[in-house]
2 protein chains.
Amino acid sequence: MSRQSQAAVERAIVARRERVNQAVPEELPVDEPERLYEAARYLLDAGGKRLRPTVVLLVAESLADVDADPETADYRSFPAEGGSVDVLKAAVSVEVIQSFTLIHDDIMDDDDLRRGVPSVHREYDLSTAILAGDTLYSKAFQYLVETGAAPERTNAALMELATTCTQICEGQSLDIDFESRDAVATDEYLEMVELKTAVLYAASAAIPAMLVGADDEAVDSLHGYGLDVGRAFQIQDDLLDLTTPSEKLGKQRGSDLVEGKQTLITLHAREQGVDVDDLVETDSVEAVDEAEIEAAVDRLREAGSIRYARETARDLIASGKDNLRVLPDNEARARLEDIADYLIEREY
Amino acid sequence: MSRQSQAAVERAIVARRERVNQAVPEELPVDEPERLYEAARYLLDAGGKRLRPTVVLLVAESLADVDADPETADYRSFPAEGGSVDVLKAAVSVEVIQSFTLIHDDIMDDDDLRRGVPSVHREYDLSTAILAGDTLYSKAFQYLVETGAAPERTNAALMELATTCTQICEGQSLDIDFESRDAVATDEYLEMVELKTAVLYAASAAIPAMLVGADDEAVDSLHGYGLDVGRAFQIQDDLLDLTTPSEKLGKQRGSDLVEGKQTLITLHAREQGVDVDDLVETDSVEAVDEAEIEAAVDRLREAGSIRYARETARDLIASGKDNLRVLPDNEARARLEDIADYLIEREY
């Protein structure tokens with residue numbers, strides 16, 4: 001990816017993120033009971049790249065084949081077959097689902113921090129965090145009913161959202177289960193990643209296509225794009241933990257190894273006969289030193305596991321971009337291709 | 001309510017409950033990951049009166065104006081305007097939402113028991129309980145997309161379900177908030193009950209009407225029926241805690257008083273100047289004796305609070321039955337009237 005297209009993709013994401021950020025308080029005002037809605041808004045207001053809603057907007061733009069200026073485009077009344085659709089509502093819907101899963105996941109993992117601020121159950125309390133997540137959950141469905149798309153398209157989009165949410169729960173359940181299991185195969189891991197992470201990217205690409213009236217072939221291909229880039233995104237996350245210097249990463253490099261988290265890299269290494277559990281002996285992120293992490297990463301590199309993960313991610317990105325060929329050849333499609341590349345070239 | 005119609009309503013409920021109980025494993029098989037789906041099924045399999053799904057089926061029956069035998073009726077392909085609708089899926093949908101709210105509420109209230117068995121977070125663990133609730137949540141939306149109703153009717157029903165879920169979260173949030181407040185007005189309490197409890201009865205009556213193609217007036221009236229009987233149901237629960245002998249109640253009579261729970265009765269008494277906090281001095285359900293409870297209930301009776309609650313519930317039931325006049329005059333409507341009466345005449 002050239003520096004030029006890196007700059008282009010960042011501009012594309014920033015401009016659309018702004019639009020999503022403006023839409024969030026419009027769609028989710030702090031109503032009564034205030035504490036509930038403040039908690040529901042807390043993580044949404046704390047930031048985030050908004051990659052999924054950006055995918056929603058770009059897919060709609062590409063299908064409409066308009067060269068939209070993201071700063072001024074009328075996303076609230078966007079061209080669709082036989083009418084117009086509020087694609088910004090659909091974008092907020094997937095971001096709100098993402099936020100709900102983060103709130104509930106942080107409870108399950110007992111994580112204290114998220115996006116640089118306390119997790120919702122820490123900032124508020126357990127009950128408020130459960131309820132804030134539950135409220136976002138139903139709101140996401142409300143938004144999707146209200147886009148103004150034709151009823152049968154709305155139904156299809158709602159089915160996609162509902163099955164996606166079920167799959168995310170299944171993926172999170174598998175992830176928790178894996179923590180207490182030694183022998184997880186790489187394909188089991190990839191299935192978990194598909195369910196826990198990739199399906200929401202798939203929904204983000206498929207739902208706008210459903211709403212504006214794309215045919216089934218286009219919807220399926222876009223769904224495939226989301227699955228591919230979503231899986232690559234998670235693998236890149238796992239790689240970054242090992243290969244990015246701590247100061248750039250914003251946390252201790254190699255913390256997944258210290259915490260014994262299963263990733264595609266460690267699972268591959270285990271399959272190559274590496275004693276993964278003994279790679280890092282220090283068992284706290286605070287106490288581990290760079291030399292120990294460096295030695296562990298060297299062992300993983302020698303086992304071919306870093307290369308295996310990189311190649312897997314690259315193959316997925318290639319397949320994802322291939323799936324975009326159902327879209328007209330335009331600016332928005334080019335940005336969706338760039339996002340795919342960006343996901344595995346990003347360094348944080 | 002005559003003994004004869006009491007028997008009729010019980011037969012009506014039992015026969016339809018059986019059909020719902022058969023449909024639950026069909027709609028929600030124990031898929032992979034097994035532990036997740038077992039937890040999701042746990043409370044559903046533990047029992048329950050199935051009043052809400054029974055309302056779903058009866059409303060559909062009354063609108064179709066067929067004298068259905070509940071044991072053999074083809075609820076999967078039930079007559080609707082211009083086609084047929086799987087009203088059993090809609091019935092399971094509302095029961096599944098009810099089950100999701102129970103699982104998450106039990107976590108928030110840290111309740112150990114539900115329907116005579118351990119609560120899901122006790123039988124399994126916190127993470128599994130959160131996820132089981134989240135899974136039921138999305139499944140309920142899936143079922144409602146799949147009833148086969150016309151797309152615009154399905155959209156309306158999905159909007160009703162989504163707004164209902166949002167309101168249930170708001171109601172639960174208010175309920176938690178009230179625990180730490182002394183001065184709750186009776187109308188604030190009734191609003192909380194409406195949100196936390198009554199809206200799901202309202203959805204149970206409105207959704208089948210939407211799906212089969214009833215007009216807006218009928219849908220609104222049926223929604224009103226649900227709100228009325230749902231509020232009366234909660235008030236009756238509060239009354240039973242005070243007036244039913246412990247052995248019949250299955251738990252210590254007056255336990256709401258011991259635990260300082262706000263109810264319509266205590267809020268009314270407080271408004272009459274009764275020092276509700278001092279009514280029962282013993283602060284554990286295990287240690288309290290009948291005489292102390294009896295004295296407290298006498299004080300509430302003298303303040304007119306028991307009568308006030310009974311009259312409020314009766315007025316609601318009368319209004320609820322009045323709302324049923326939009327339905328054809330048939331057997332199913334008579335059973336919906338009976339259910340309204342039953343809700344305030346039941347003794348457990």
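The values are calculated or read from the model by the stated rules, or taken from the named source; none is laboratory data. Since we're looking at a predicted model, the values are computed, not measured. Positions of Cβ are generated from backbone atoms using ideal geometry, with glycine treated the same way; all protein chains shown enter the neighbour counts.
Give the residue that is nearest to residue B:108 (Cα to Cα), with candidates limited to residues of region B:126-150 that are more than 7 Å from chain A (Cβ to nearest Cβ) and more than 22 Å from the chain's Cα centre (by Cα). Quick ask: steps written out before the conclusion?
Narrowing region B:126-150 to residues more than 7 Å from chain A (Cβ to nearest Cβ): B:126, B:128-129, B:132-133, B:136, B:140, B:143-144, B:146-150.
With the extra rule that they be more than 22 Å from the chain's Cα centre (by Cα), the set shrinks to B:126, B:128, B:146-150.
On the way: B:126: 11, B:128: 14, B:146: 32, B:147: 33, B:148: 36, B:149: 36, B:150: 38 Å.
Selected residue: B:126.
Listed here are the residues, each with its yes/no results for (1) under 30 Å from residue A:234 (Cβ atoms); (2) among the hydrophobic types (A, V, I, L, M, F, W, C).
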| site | (1), (2) |
| --- | --- |
| A:6 | yes, no |
| A:17 | yes, no |
| A:33 | no, no |
| A:39 | yes, yes |
| A:56 | yes, yes |
| A:71 | no, no |
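Take residue B:206 and decide whether it is surrounded by 24 or more Cβ atoms within 10 Å (Cβ to Cβ) and part of a helix (DSSP H, G or I).
Details: surrounded by 24 or more Cβ atoms within 10 Å (Cβ to Cβ): yes; part of a helix (DSSP H, G or I): yes.
Here the answer is yes, as residue B:206 does meet what is asked.
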Where residues in region A:211-226 are in a helix (DSSP H, G or I) and in contact with a Leu (Cβ under 6 Å, 6 or more places away or on another chain), which of them is nearest to residue A:78 (Cα to Cα)? A:212
Those residues of region A:247-275 which are in contact with a helix residue (DSSP H, G or I) (Cβ under 7 Å, 6 or more places away or on another chain), modelled with pLDDT under 90 and either under 15 Å from residue A:309 (Cα atoms) or part of a helix (DSSP H, G or I) (or both) amount to A:249, A:255, A:256, A:262
Which members of region B:302-332 meet the condition of being out of contact with any helix residue (DSSP H, G or I) (no Cβ under 7 Å at 6 or more places or on another chain) and within 29 Å of residue B:217 (Cα to Cα)? B:311, B:315, B:318, B:322, B:325, B:329, B:331
Residue check for residue B:329: outside any helix (DSSP H, G or I) and either free of Cβ contacts under 8 Å to residues at least 24 places away in the same chain or on the phi < 0 side of the Ramachandran plot (or both): yes
Looking only at region A:111-123, filter to residues that are buried (at least 20 other Cβ atoms within 10 Å of the Cβ) and modelled with pLDDT of 95 or more; which one of those is farthest from the other protein chains (Cβ to nearest Cβ)? A:120
Tell me which residues, restricted to region A:277-287, are out of contact with any Leu (no Cβ under 8 Å at 6 or more places or on another chain), within 17 Å of residue A:300 (Cα to Cα) and aliphatic (A, V, I, L, M). none
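Here is a yes/no grid of residues against (1) surrounded by 15 or more Cβ atoms within 10 Å (Cβ to Cβ); (2) among the aliphatic types (A, V, I, L, M); (3) modelled with pLDDT under 95:
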{"site": "B:2", "(1), (2), (3)": "no, no, yes"}
{"site": "B:14", "(1), (2), (3)": "no, yes, yes"}
{"site": "B:22", "(1), (2), (3)": "no, no, no"}
{"site": "B:25", "(1), (2), (3)": "no, no, no"}
{"site": "B:39", "(1), (2), (3)": "yes, yes, no"}
{"site": "B:44", "(1), (2), (3)": "yes, yes, no"}
{"site": "B:74", "(1), (2), (3)": "no, no, no"}
{"site": "B:84", "(1), (2), (3)": "yes, no, no"}
{"site": "B:92", "(1), (2), (3)": "yes, yes, no"}
Residue among B:199, B:229, B:193 that alone is in a helix (DSSP H, G or I), within 13 Å of chain A (Cβ to nearest Cβ), out of contact with any Asp or Glu (no Cβ under 8 Å at 6 or more places or on another chain) and under 27 Å from residue A:36 (Cβ atoms): B:199
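Are any residues in region A:90-104 within 14 Å of residue A:19 (Cα to Cα) and within 13 Å of another protein chain (Cβ to nearest Cβ), and if so, which ones? Talk me through it step by step, then tell me what you get.
Taking region A:90-104 as the starting set, the residues that turn out to be within 14 Å of residue A:19 (Cα to Cα) are A:90-93, A:95.
If the condition is that a residue be within 14 Å of residue A:19 (Cα to Cα) and within 13 Å of another protein chain (Cβ to nearest Cβ), then A:93 is the only one that fits.
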Within region B:151-167, considering residues that are among the aliphatic types (A, V, I, L, M) and more than 8 Å from chain A (Cβ to nearest Cβ), the one farthest from the chain's Cα centre (by Cα): B:156
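Could we say that residue B:131 is farther than 16 Å from residue B:203 by Cα and free of Cβ contacts under 8 Å to residues at least 12 places away in the same chain here? First the steps, then the outcome.
Numbers: farther than 16 Å from residue B:203 by Cα: yes; free of Cβ contacts under 8 Å to residues at least 12 places away in the same chain: no.
In short, no.
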Taking residue A:55 as the residue in question, decide whether it is closer than 24 Å to residue B:162 by Cα, at pLDDT 95 or above and hydrophobic (A, V, I, L, M, F, W, C). no
Which number in (1) of a type in the set (Gly, Ala, Ser); (2) within 11 Å of another protein chain (Cβ to nearest Cβ); (3) over 26 Å from residue A:129 (Cβ atoms) marks the one condition that residue B:206 misses? (2)
Quick one: would you say residue A:314 is more than 25 Å from the chain's Cα centre (by Cα) and within 28 Å of residue A:2 (Cβ to Cβ)? no
Looking at (1) farther than 17 Å from residue A:160 by Cβ; (2) over 20 Å from the mean Cα position of the chain (by Cα); (3) surrounded by 19 or more Cβ atoms within 10 Å (Cβ to Cβ), find the lone condition where residue A:211 falls short. (1)
When you go through B:123, B:152, B:146, B:160 one by one, which is the residue that is under 25 Å from residue B:319 (Cα atoms) and either of a type in the set (D, E, K, R) or without any contact (Cβ under 8 Å) to a residue 24 or more places away in the chain (or both)? B:160
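Give me the residue from region A:160-187 that is modelled with pLDDT of 95 or more and in contact with a Phe, Trp or Tyr (Cβ under 8 Å, 6 or more places away or on another chain) and, out of that set, farthest from residue A:85 (Cα to Cα).
A:165
If you take the residues of region B:168-180 that are touching a residue at least 40 places away in the same chain (Cβ under 8 Å) and at the interface with another protein chain (Cβ under 10 Å from one of its Cβ atoms), which of them is nearest to the chain's Cα centre (by Cα)? Walk me through how you get there before you give the answer.
We begin by selecting, within region B:168-180, every residue touching a residue at least 40 places away in the same chain (Cβ under 8 Å); these are B:168, B:172, B:176, B:178-179.
After this cut, where a residue has to be at the interface with another protein chain (Cβ under 10 Å from one of its Cβ atoms) as well, the list is B:168, B:172, B:176.
Values: B:168: 11, B:172: 14, B:176: 18 Å.
The qualifying residue nearest to the chain's Cα centre (by Cα) is B:168.
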It is to be established whether one or more residues within region B:181-196 are without any contact (Cβ under 8 Å) to a residue 40 or more places away in the chain, under 14 Å from residue B:230 (Cβ atoms) and of a type in the set (A, V, I, L, M). yes
Filtered residues of region A:294-325 (kept if buried (at least 18 other Cβ atoms within 10 Å of the Cβ), within 24 Å of residue A:185 (Cα to Cα) and aliphatic (A, V, I, L, M)): A:296, A:297, A:300, A:303, A:306, A:309, A:313, A:316, A:317
Could you list, ordered by first residue, the pairs with Cβ atoms under 8 Å in which the first is in region A:26-47 and at the interface with chain B (Cβ under 10 Å from one of its Cβ atoms) and the second is aromatic (Phe, Trp, Tyr), at least 6 apart or interchain? A:31/A:37; A:35/A:124; A:39/A:124
